[in-house]
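The values are calculated or read from the model by the stated rules, or taken from the named source; none is laboratory data. Computed from a predicted structure; not experimentally measured. Positions of Cβ are backbone-derived with ideal geometry, glycine not excepted, and every protein chain shown enters the neighbour counts. Surface areas here come from the heavy atoms of the whole protein model, side chains and all, with no ligands, DNA or RNA. Shrake-Rupley method; radii C 1.70, N 1.55, O 1.52, S 1.80 Å.
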Amino acid sequence: MAPKELNFITGNKNKLLEVQAILAGVVDLKSQALDLVEIQGTIEEVTLDKCKRAADTVRGPVLVEDTCLAFNAFNGLPGPYIKWFMLNLGVQDLHKLLAGFEDKSAQAICTFAYCEGPGHDPIIFQGRTDGKIVPSRGPTVFGWDSSFEYEGQTYAEMEKSEKNKVSHRGKALEKLQEWLKEQV
């Protein structure tokens, strides 16, 4: 049976608002910020581990998310470590990492994991969007949105509802919604 309410483990208000907008009418989200250890590994390994830790801490159903930015010239890096690149470089200098490369293409990857609670195996829902890394354009209030271009516009330049239809997060949440509807 599908949960009517989920503990979404995030301290990021922008992420919470985006996920609430996409899941409106499907499930009610309660936001809970937890300082969870993140292992090193693939995005799937990082997300699964984080989900299990969150379920154990909350002692109930949780939804966690991990976002990656994979540069094709770097064979997928920075990937799940984009947060650390952003903290040290900032969005204004992110594109400079690819200055010596012709290939500016990248993939935005969002992986959600749902876990029923302690002792249960998490289920993964992943979305990917192809784009390219460009000098920052648009508001710089949400991660690397102003440096990721999809079909001529950066995520930051798009209307929120338009971004939610094409974004990596929107695609992953579409899969989650389908799964939740099947759980009735």
Exactly one condition in (1) part of a loop (DSSP other than H, G, I, E, B); (2) open to solvent by 20 Å² or more (accessible area, probe 1.4 Å); (3) over 17 Å from Cys110 (Cα atoms) is false for Asp56; which is it? (1)
Out of all the residues in the stretch 23-53, which are surrounded by 21 or more Cβ atoms within 10 Å (Cβ to Cβ) and within 20 Å of Thr129 (Cβ to Cβ)? Val46, Thr47
Can you name the helices (runs of 4 or more DSSP H) wholly within the stretch 73-184 that have at least 3 residues being touching a strand residue (DSSP E or B) at 6+ places or on another chain (Cβ under 9 Å), touching a residue at least 60 places away in the same chain (Cβ under 8 Å) and open to solvent by less than 50 Å² (accessible area, probe 1.4 Å)? 168-182
Would you say Val91 is in contact with a Ser or Thr (Cβ under 8 Å, 6 or more places away or on another chain) and under 29 Å from Ile133 (Cα atoms)? yes
